[in-house]
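Accompanying notes for the structure given below.
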Amino acid sequence: MNALKSPDFAEADDPIALFQLWLEEAAATEVNDPEAMTLATVDEDGLPDARMVLCKGADARGIVFYTNAESAKGLELAARPKAAALFHWKSLRRQARFRGSVTEVSGAEADAYFASRARGSRLGAWASQQSRPLESRAALEAAVEAYAQRFGDGDIPRPDYWRGYRIAPVEIEFWCDGAFRLHDRILFRRAGRASPWRKERLFP
């Protein structure tokens with residue numbers, strides 16, 4: 001599948017609907033994880049920090065991901081609840097960028113998603129003290145086994161520290177590859193969550 005022609009995507013007025021379309025099309029072409037995004041936060045020294053996470057929801061409220069609140073990104077978001085996210089779909093030669101404030105999703109929403117995860121992934125959430133020093137791989141595997149014995153065949157509840165976060169975008173940029181580096185860039189911007197979107201084309 002080729003990238004949309006510039007007149008088509010440049011005429012879009014709803015950036016969320018356009019993003020959902022691109023994500024759906026990427027699901028049919030990307031070899032692995034079309035929902036993968038680079039999440040950028042800032043530490044206490046103002047130094048940017050970036051890593052790959054999976055987008056687990058996208059609607060008019062924003063884009064959602066889940067993580068350990070005691071991890072590096074969780075602590076950074078607690079101190080400075082703003083973030084940027086970048087999706088790159090190599091097969092389609094497209095990118096989508098988000099910038100905005102971050103809030104936690106409700107406990108009920110986090111519970112529902114956690115319950116949908118594979119049992120091994122739920123055990124891993126209990127066993128991993130994310131971003132903190134790990135003595136050895138064997139120590140991690142032992143922690144997983146300890147929690148497997150603790151929960152047995154019963155339900156595995158969501159740890160309190162495992163939470164969902166939503167980026168409410170004030171900027172969304174769409175990028176399409178063009179010949180001779182004459183790429184197409186369309187930026188949607190708004191003053192706040194309740195404000196209307198304004199659209200403009202950017203030089204590549």
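Please treat every number below as a calculation from the coordinates, not as lab data. Being a predicted model, the structure only gives us computed values, none of them experimental. Don't worry about glycine lacking a Cβ; one is built from the backbone with ideal geometry, like all the others, and counts go over all protein chains shown.
Using a 7 Å offset from the Cα along the Cα-to-Cβ direction at both ALA112 and ARG61, what is the distance between the two label points in nm, to one decimal?
So the label points at ALA112 and ARG61 sit 0.9 nm apart.
Report, in deg cm²/dmol and to the nearest 500, the calculated mean residue ellipticity at 222 nm for the chain, where each DSSP H run with n ≥ 4 adds -39500 (n - 2.57) and the sum is divided by the residue count.
Calculated at 222 nm, the ellipticity per residue is -8500 deg cm²/dmol.
For the chain: lysine pairs with Cα atoms under 21 Å, gap of 8 or more or different chains, count?
Going through the chain pair by pair, I get 6.
Report the label-to-label distance for ARG137 and LEU21 in nanometres (one decimal), using points 7 Å from each Cα along the Cα→Cβ vector.
Result for the modelled spin labels: 4.6 nm.
Expressed as cubic angstrom per residue, what is the convex hull volume of the alpha carbon set of segment 33-72?
For segment 33-72, the hull spanned by Cα atoms encloses 87 Å³ per residue.
What nm value, rounded to one decimal, do you get for the distance between GLU11 and ASP43 when each label is placed 7 Å out toward the C-beta?
Using points 7 Å along Cα→Cβ, the separation is 4.8 nm.
If all Cα-Cα distances of segment 39-163 are sorted into 5 Å bins from 0 onward, what percent lands in each bin, rounded to whole numbers?
2, 9, 18, 19, 19, 15, 11, 6, 2, 0
To the nearest 20 Debye, how big is the dipole of segment 22-114 about its Cα centre, given +1 on the beta carbon of each Lys and Arg and -1 on that of each Asp and Glu?
Result for segment 22-114 is approximately 440 debye, rounded to the nearest 20.
Would you kindly state how much longer the chain becomes between HIS88 and PHE203 on full extension, computed as 0.36 nm times their sequence separation minus their alpha carbon distance, in nm to one decimal?
Extra length available between HIS88 and PHE203 comes to 39.5 nm.
Once phi is turned into θ = phi - 60°, what whole-Hz ³J(HN,Hα) does the Karplus curve with 6.51, -1.76 and 1.60 give for every residue of segment 104-115, x standing for Gly and Pro?
7, 6, 5, x, 5, 5, 5, 4, 5, 5, 4, 5
Which far-off residues, 5 or more places away or on another chain, put their amide H under 5 Å from the one on GLY178, with H placed in the peptide plane?
For GLY178, whose amide H was placed from the backbone, the distant partners under 5 Å are HIS183, ASP184.
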